[in-house]
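Asks: This structure is in structure tokens; I'll ask about it shortly.
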């Protein structure tokens, strides 16, 4: 059998810019990370967690550090993971302090009889498991504060990459 | 949203997805990502991670639908992923997927999707549009 790997950093109405090239560069880094692990014989489940952690830690993407803001100006992060070999899966939602939600999702899969933990319960589970947490400010970027302001002005809800409605047309 | 799918040298598949949701969403809104079968799915046939408008992805149970079309219609990964994305509302959905045979699919009905893939044959791709 031959290994294969694919990853994404979000979809939408993406315009060409300096930022685009920077994002592509990070994607290539994360891809290389996953490829090295697969070539060394690491299992698919470990590799997808590792790659998503790397993406979560980069503020260019809407996950982990760099997550977009709710209407209340807060972050609410979500993640899920599934092992195709066993059908086991785990998920978390409504996280506000967990640095790597994907790893907490895996802990839900492996350490609980449940599939999805959300909001206060998920945060409590994170504390119980001793995963890395940070103040909510760690996740918030200036760019996302501006995006929320623009989006509130137009009373819209945006996916990862949306054309600002204040373009002036 | 970010996501990754992989099949290892033993033919075992896995999928992972993580997101901050949508800008200006209502507090308490749960998107597609944590819903197994919608935003993320893996079985013995393939692994799928999606991105885009969660409400559309949940209505379509997108990730599991790709796997079901392979399992029950005997479609190739590219056919299953392409047909699922094509049938959804334009501008809402993207996905990456791998099959247990090592095939790769990266489809979207948005303007672009930040994506990358590689396999054991030396294939390597990074793309946006």
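Derivation of every value follows stated rules applied to the coordinates shown; laboratory data play no part. For clarity, every value in this text was computed on a predicted model and none was experimentally measured. Neighbour counts run over all protein chains shown; Cβ positions are idealised from the backbone, glycine included.
Asks: If you scan segment B:89-105, which residues turn out to be in a strand (DSSP E or B) and either out of contact with any helix residue (DSSP H, G or I) (no Cβ under 8 Å at 6 or more places or on another chain) or buried (at least 23 other Cβ atoms within 10 Å of the Cβ) (or both)?
Replies: Within segment B:89-105, B:93, B:94, B:95, B:96, B:97, B:98, B:99, B:105 qualify.
Asks: Check segment A:78-86 and report whether any residue there is out of contact with any helix residue (DSSP H, G or I) (no Cβ under 9 Å at 6 or more places or on another chain), facing another protein chain (nearest Cβ under 7 Å) and not in a helix (DSSP H, G or I).
Replies: No, every residue in segment A:78-86 fails to be out of contact with any helix residue (DSSP H, G or I) (no Cβ under 9 Å at 6 or more places or on another chain), facing another protein chain (nearest Cβ under 7 Å) and not in a helix (DSSP H, G or I).
Asks: Say we look at segment B:29-56 and pick out the residues that are part of a loop (DSSP other than H, G, I, E, B) and at the interface with chain A (Cβ under 7 Å from one of its Cβ atoms); which of these is farthest from residue B:101 (Cα to Cα)?
Replies: B:30
Asks: Look through segment A:144-162, keep the residues that are in contact (Cβ under 8 Å) with a residue 60 or more places away in the chain and assigned to a helix (DSSP H, G or I), and return whichever of them is farthest from residue A:10 (Cα to Cα).
Replies: The residue in question is A:152.
Asks: Looking only at residues in segment B:106-120 that are facing another protein chain (nearest Cβ under 7 Å) and over 14 Å from residue A:161 (Cβ atoms), which one is surrounded by the most Cβ atoms within 10 Å (Cβ to Cβ)?
Replies: B:116
Asks: Of all residues being outside any helix (DSSP H, G or I) and buried (at least 22 other Cβ atoms within 10 Å of the Cβ) in segment A:47-65, which is farthest from the other protein chains (Cβ to nearest Cβ)? Just the residue, please.
Replies: Result: A:64.
Asks: Could we say that residue B:68 is at the interface with chain A (Cβ under 10 Å from one of its Cβ atoms) and either surrounded by fewer than 23 Cβ atoms within 10 Å (Cβ to Cβ) or under 13 Å from the mean Cα position of the chain (by Cα) (or both) here?
Replies: No: the conditions fail for residue B:68.
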